[in-house]
1. Identify all residues within the stretch 74-97 that are under 9 Å from the mean Cα position of the chain (by Cα) and open to solvent by 50 Å² or more (accessible area, probe 1.4 Å); write none if there are none.
2. Can you tell me which residue within the stretch 49-73, out of those that are surrounded by fewer than 14 Cβ atoms within 10 Å (Cβ to Cβ) and not charged (D, E, K, R), is nearest to the chain's Cα centre (by Cα)?
3. Against the condition under 14 Å from Ala97 (Cα atoms) and out of contact with any Gly (no Cβ under 7 Å at 6 or more places or on another chain), how does Ala53 come out, does it pass?
4. Could you tell me whether Glu10 is open to solvent by 70 Å² or more (accessible area, probe 1.4 Å) and either under 30 Å from Pro135 (Cα atoms) or under 23 Å from the mean Cα position of the chain (by Cα) (or both)?
5. Within the stretch 20-29, how many residues are open to solvent by 20 Å² or more (accessible area, probe 1.4 Å) and either of a type in the set (A, V, I, L, M, F, W, C) or in a helix (DSSP H, G or I) (or both)?
6. Which condition number in (1) small (Gly, Ala, Ser); (2) over 23 Å from Glu10 (Cα atoms); (3) at pLDDT below 95 is the one that Ser78 fails?
Amino acid sequence: EVCNIAASGEIFTQYLVANAYYYGDVAELMQVDFNNMTDAQIRAQFRQWTETAIPMYEDLISKGLVLGAGNYINILTSGDWGVPKNERRAAEIERIAAEKGHTFFMVRVGENMLNSNPLGAAEMFEKAAKKNYMPAYAYLGKMYTFGGKMPRDIKKARDYIELCYQSGEEQTLCH
């Protein structure tokens, strides 16, 4: 029933089904008994499920839903279950997710730009900070301090670090 709803194009259900394949939760739905399988058979089954999830994640991304981007990037970068790596596509998905407003990926793209394009990195961090994403405040604060990637501005650095502390998140990122 759920797979039929996903096949009909209901986007959130597609996301749930893709994740069920990614995490192997389909084993329960399909009543797979791993006790009667060899290690090689289990690995092959997980590879098949992972390969089933890939076009689902691609479809979700093409429709603008980036909730599963992290799982898909993990598939593309880990090589788990023998699925070929594709670092270039993973980087593209990070950029797409950042453009769609996913704060984690805004910061991730910013991190990747720190050395080659500090202004671009600061812009990404600013976008994430506007959404109150604490790691963005921490990066911005560090960028405006001594040895940072932006012209030194201690007041700006202090303001960002204070916002980081006020966010209530794990404080170690704010140091």
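1. Hit for the stretch 74-97 is Asn74, nothing else.
2. Among those that are surrounded by fewer than 14 Cβ atoms within 10 Å (Cβ to Cβ) and not charged (D, E, K, R), it is Gly64.
3. Details: under 14 Å from Ala97 (Cα atoms): no; out of contact with any Gly (no Cβ under 7 Å at 6 or more places or on another chain): yes.
It is false that Ala53 is under 14 Å from Ala97 (Cα atoms) and out of contact with any Gly (no Cβ under 7 Å at 6 or more places or on another chain).
4. yes
5. Going residue by residue through the stretch 20-29, those that are open to solvent by 20 Å² or more (accessible area, probe 1.4 Å) are 21-23, 25, 28-29.
Narrowing the set further to residues that are either of a type in the set (A, V, I, L, M, F, W, C) or in a helix (DSSP H, G or I) (or both) leaves 21-23, 28-29.
Going through the stretch 20-29 one residue at a time, the tally reaches 5.
6. If we test Ser78 against (1) small (Gly, Ala, Ser); (2) over 23 Å from Glu10 (Cα atoms); (3) at pLDDT below 95, just (3) comes out false.
Table: residues versus (1) among the small types (Gly, Ala, Ser); (2) assigned to a loop (DSSP other than H, G, I, E, B).
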residue: Tyr57; (1), (2): no, no
residue: Leu65; (1), (2): no, yes
residue: Ile75; (1), (2): no, no
residue: Arg89; (1), (2): no, no
residue: Phe104; (1), (2): no, no
residue: Ala121; (1), (2): yes, no
residue: Phe125; (1), (2): no, no
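Conditions (1) in contact with a helix residue (DSSP H, G or I) (Cβ under 7 Å, 6 or more places away or on another chain); (2) within 18 Å of Tyr22 (Cβ to Cβ); (3) in contact (Cβ under 8 Å) with a residue 40 or more places away in the chain, marked per residue:
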{"site": "Trp81", "(1), (2), (3)": "yes, yes, no"}
{"site": "Glu92", "(1), (2), (3)": "no, no, no"}
{"site": "Arg95", "(1), (2), (3)": "yes, no, no"}
{"site": "Leu119", "(1), (2), (3)": "no, no, no"}
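The values are calculated or read from the model by the stated rules, or taken from the named source; none is laboratory data. Quantities reported herein were computed from a predicted structural model and do not represent experimental measurements. Cβ: placed from backbone, ideal geometry, glycine included. Neighbour counts: every protein chain shown. Note: areas computed on protein heavy atoms with side chains; ligands, DNA, RNA excluded. Shrake-Rupley method; radii C 1.70, N 1.55, O 1.52, S 1.80 Å.
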